[in-house]
1. Filter the stretch 573-587 down to residues that are open to solvent by less than 10 Å² (accessible area, probe 1.4 Å) and either of a type in the set (S, T, N, Q) or under 30 Å from ARG307 (Cβ atoms) (or both), then give me how many there are.
2. If we keep just the residues of the stretch 421-431 that are touching a residue at least 40 places away in the same chain (Cβ under 8 Å) and open to solvent by 70 Å² or more (accessible area, probe 1.4 Å), which is nearest to the chain's Cα centre (by Cα)?
3. Residues that are touching an Asp or Glu at 6+ places or on another chain (Cβ under 6 Å): which strands (runs of 3 or more DSSP E) entirely in the stretch 678-731 hold 2 or more of them?
4. For the subset of the stretch 336-355 comprising residues that are within 16 Å of the ligand (Cβ to nearest atom) and of a type outside the set (Asp, Glu), which member is nearest to GLN516 (Cα to Cα)?
5. Restricting the search to the stretch 474-489, which residues are assigned to a loop (DSSP other than H, G, I, E, B) and at negative phi?
6. Restrict the check to the stretch 113-125 and report whether at least one residue is hydrophobic (A, V, I, L, M, F, W, C), farther than 23 Å from SER262 by Cα, buried (at least 20 other Cβ atoms within 10 Å of the Cβ) and over 25 Å from the mean Cα position of the chain (by Cα).
7. So which residues in the stretch 600-629 are assigned to a helix (DSSP H, G or I) and charged (D, E, K, R)?
8. Could you please find all residues in the stretch 517-539 being among the hydroxyl-bearing types (Ser, Thr, Tyr) and in contact with a helix residue (DSSP H, G or I) (Cβ under 8 Å, 6 or more places away or on another chain)?
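The values are calculated or read from the model by the stated rules, or taken from the named source; none is laboratory data. Worth saying up front: this structure is predicted, and the values here are computed from it rather than measured. In this analysis, Cβ positions are derived from the backbone assuming ideal geometry, glycine residues included, and neighbour counts consider all displayed protein chains. These accessible areas exclude ligands, DNA and RNA; they are computed on the full protein's heavy atoms, side chains included. Shrake-Rupley method; radii C 1.70, N 1.55, O 1.52, S 1.80 Å.
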Amino acid sequence: MKINKKLTIFAMIGSALVANAAQIKVETGDVSLIMDGEPGSALNLLYFGEKLANTSEFAYAWHITQPDTQDEYGRELYPAYGGRFFLNPALKLTHADGVMTTQLVYRSHEQKVIDDNLTETVVHLQDKLYDARVDLHFVAYKDEDVITQSVVFSHGEKGDVTVENIASSYITLKAADYYLTHFHGTWAREMQLTEERLTPGVKVVESKKGVRTAQSDNSAFLVSLDGPTREYSGEVYAGALAWTGNYKMQFEVDEAGLLHISGGINPFASAISLAAGEEFVTPEMVLTYSNEGRSEITHNLHDWARRYNLAHGDEVRPVVLNSWEGAYFDFDEKVITDMIDDAAAFGVEMFVLDDGWFGNEFPRNGDNAGLGDWQVNKKKLPHGIGYLADYAVSKGMKFGIWIEPEMVNPDSKLARRHPEWIVQSGKRDLLPMRNQHLLDLSNPEVQDFVFETFDNVLKMSPNISYVKWDANRHADNVGSTYLAADEQSRFWYDYIRGLYSVYERIRAKYPDVLIQLCSSGGGRVDFGALKYHDEFWASDNTNALDRLCIQYSENIFFPAMATAAHVSTSPNHQTGMMLPLKFRFDVAMMGRLGMELQPKQLVGDEREFAFNAVKLYKELRPVIQLGDLYRIDSPYDGDGYCSDVYVSKDRSEAVVFAFSTTYHNRTQSYDIKLHGLDPAKNYLLREVNTTGGSWYPGNGKVYSGEFLMKAGLSLPIGGAFTSMVLHLTEQ
Ligand code: DGJ
């Protein structure tokens, strides 16, 4: 956005400003969210969009500022059920005396400048009659144009108040048309982008799976105004709930044509009773806005995540070889040390031993036994994990290990010792999924066990520097032997809070360990969990063709550096599809490159290609992992072509990835215009990651940024599963 970047500083650094002003502004460098808070009246949303220099006219903007009628035509920023508000409310309470309505009014607010990038605003609302308090917390990130919102509820009533629905945010917009982009999917087919025009009524995107909530859909969404989302123009809003449990996102077009976007914890079977003085804290909704299309949304969120919501977001990630698809459960010490030898020969920097290394009485030789018994399997690995970790280090690599500490197989010592720790619904039969049960993380004893599992695994060797944390089932038939009979509906919330408290303890003790977020592939890709992790396993589907679509969608919100993308064998184990090794590498190089195959199977030319590709990736990765991602052409548009360009922050370097995913006519070339370059700079173009050299006429030529962005390149790819990688360096 090209508007004045100078921020109005409305409070001194470190000091809080308490005000009863009519207008409350939550502002970033380029975005304003403006509320109207008159003491004793409803808090209205006046504006959310491109930053406004002058906001005084809102005083007589009658079409926005509504009288205090608590009706559906108002623009309450946080509407509660009550009065004439017939839409889905942000808040639904039952007060201690049984009254089901609430009328929130503005009381006061504070703003605090945390540092030169962060400003926190807290708006205090209260019911007009009851001592029921709602604090809206906003954090504005100036440089990243991100605003997060969370809500804290408390009360001082004589008796419990039941919270039946409490959204993290509620945004009202007005336009002629609204287009929603959301991301449905399933195991091995995560994040399938779908865009639809919203019509009157309610569109709901939700999860009730408790754990592994990001696979059927994702809480991350885009709303484009007045037409489908465009990449480099148009007004687009984005939101993503930083929460690893059930969520509900509602997009309600009312009879006046306004769109109300409400998002938060899913209220399904989740009513919570709170005693006076107790607090309920919602997860954060991460919001951003762009008037330059979807591209800016991606830059905002990637920059924000790398700075504030991803472990080690400023450090490049190592190249990984993971043992799963190369060995599955079928290995012994020799198989693993051979893999380490081969990985080292390829220049891989991190070897990760996946599932199958633990359990003695109930050995983990398949997915039916051993989960919960986190002792090394002495038969498979007689010299222990320390030996393997030292072995990897002796070969110049680091060592990582897989765990799934929230789960238990019925065939395990743990299940016999602590059957009460299993999530269960009274006397109903337990329903195993992938032969396993979920441990009840609402129980502090289970939280301790999960922490200790991580801790004890790390204690097996000082040379363990990476952990892959998996979770291969979701919650069904929920219930807890720990929670009281009248507290069962706390389960969903307390489970995730329990999980986060374990993550906190782990991060406090192990700040340097790299942790991968995995849940049957990409089942937990959300900003709530990502904050504690370095990366996520994008999908169990490692087929490069499918990965193009999965990674494309994930990278609209989540950074490429956090997207674990592994080259696997051909035919692919999930799809049976055969793809050239170059194509597979080119796709994986768009994220955090890794390999997931038996490296011995790569022989001859393929071995040499893989070696060179790993070497090349190390050269390119600062641009891919720390630069800006510009999408050129989508894999979803059906033309059989797609491409992206990654540009370094200083615009001195770029890497273009281009793919042909089907057979095109012989004469056809793939014409693309680049983005994000400096028009005034000259760039040397080199085709890289080739099989036996480049025959592209542009190879070795110098182009201006202007030419590359305005006239563009004509790439000679058109055969099925052909691809090109171009490296541009400033001259
Ligand atoms: C599911 C993960 O997504 C896979 O990568 C692998 O770790 C298996 N679990 C192991 O059981």
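1. So the count comes out to 3.
2. LEU431
3. Values: elements: 682-688, 702-704, 713-715, 722-730.
Counting at least 2 such residues, we get 722-730.
4. If we filter the stretch 336-355 for residues that are within 16 Å of the ligand (Cβ to nearest atom), which is where we start, we get 336, 339, 350-355.
If we keep only those that are of a type outside the set (Asp, Glu) too, we end up with 336, 339, 350-353.
On the way: ILE336: 20, MET339: 20, MET350: 13, PHE351: 13, VAL352: 11, LEU353: 13 Å.
Only one residue fits best here, namely VAL352.
5. Let us first name the residues in the stretch 474-489 that are assigned to a loop (DSSP other than H, G, I, E, B), namely 474-484.
The answer is HIS474, ALA475, ASP476, VAL478, SER480, THR481, TYR482, LEU483, ALA484.
6. Yes, some residue in the stretch 113-125 is hydrophobic (A, V, I, L, M, F, W, C), farther than 23 Å from SER262 by Cα, buried (at least 20 other Cβ atoms within 10 Å of the Cβ) and over 25 Å from the mean Cα position of the chain (by Cα).
7. Just the residues of the stretch 600-629 that are assigned to a helix (DSSP H, G or I), to begin with: 600-601, 604-626.
The answer is LYS600, ASP605, GLU606, ARG607, GLU608, LYS615, LYS618, GLU619, ARG621.
8. Here is the first cut: in the stretch 517-539, the residues among the hydroxyl-bearing types (Ser, Thr, Tyr) are 519-520, 532, 539.
Those that are among the hydroxyl-bearing types (Ser, Thr, Tyr) and in contact with a helix residue (DSSP H, G or I) (Cβ under 8 Å, 6 or more places away or on another chain): TYR532, SER539.
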